[in-house]
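The values are calculated or read from the model by the stated rules, or taken from the named source; none is laboratory data. Quick caveat: nothing in here was measured; it's all calculated off a predicted structure. Protein only, heavy atoms only, side chains kept; ligands, DNA and RNA dropped before computing areas. Shrake-Rupley method; radii C 1.70, N 1.55, O 1.52, S 1.80 Å.
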Amino acid sequence: MANAEHYLGDADVHPIDVVETIAQYYDWDFDRVAEDQIAMAIEGSWRTYSITLAWSPYDETLRMVCTFDMDPPKDKIPSLYHALNEANDECWAGSFSLWEEQKLMVYRYGLLLGGEAVAGSEQIDQMLTAAVSACEQYYPAFQLVCWGDSTVKQAMDIAMTGAYGRA
């Protein structure tokens, strides 16, 4: 993702306004749900990711939730949780969790902006890039663990190896 800084002025801008500007710049589908919340869809190589960002003035945090469908077979859930723990050990900018009831895999991140700090477009762009990149990297591993009869180690080895091309 490229820097969209030149589309924004230097004045203090609401973080969701920054996200909306980035979404317009990339021509992503988005919906400004409320003044403090935006939802969008970002197309990845494996699937389209649903991303919601919400600003909490109470704790001055920009929260991001990136989701995709995941309904693993019941007998594979323990292995999937093991894979999630392995993935989270490698992810420094966010973390994965499974929302079983909603049948969603979730990548979450919170950008703390205490002391009236301002989130710039480059910072938010990097946050979105990190989320999609992490989902793209680990999606095949989660699939292999749930439906490919791979061990967690085999699946994570594939996720940690740089892939070239696409099957």
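General remarks:
- Note that the chain presents 56 Å² accessible area per residue, ligands and nucleic acids not counted, probe 1.4 Å.
- Tail beyond 19 Å, pair distance distribution of segment 101-152 (Cα, percent): 48 percent
- Carbon + sulfur, % of accessible area of the chain - ligands and nucleic acids excluded, 1.4 Å: 49 percent
- Helical contribution to [θ] at 222 nm, DSSP H n ≥ 4, -39,500 (n - 2.57), averaged over the chain, rounded to 500: -12000 deg cm²/dmol
- One quarter of the convex hull surface built on the alpha carbon atoms of segment 63-165 amounts to 7.6 nm², the projected area averaged over directions.
- Chain lengthening between V118 and R63 when straightened (0.36 nm per residue, less Cα-Cα): 18.4 nm
- Gaussian network model of the chain, springs between alpha carbon atoms under 10 Å - residue of E35, E20, E136 with greatest fluctuation: E35
- Prolate/oblate/rounded label for segment 1-136 (Cα gyration tensor, a/c 1.5): prolate
- Among V65, V145, V33, the residue with the largest mean-square fluctuation in a Gaussian network model of the chain, with springs joining Cα atoms closer than 10 Å, is V33.
- Principal axis analysis of the Cα atoms in segment 24-97 yields extents of 41, 30, 22 Å, listed in decreasing size.
- Backbone phi angles across segment 23-33, fed through the Karplus curve with coefficients 6.51, -1.76 and 1.60 (θ = phi - 60°), yield HN-Hα couplings of 4, 5, 4, 8, 6, 7, 5, 8, 9, 7, 5 Hz in residue order; Gly and Pro are listed as x.
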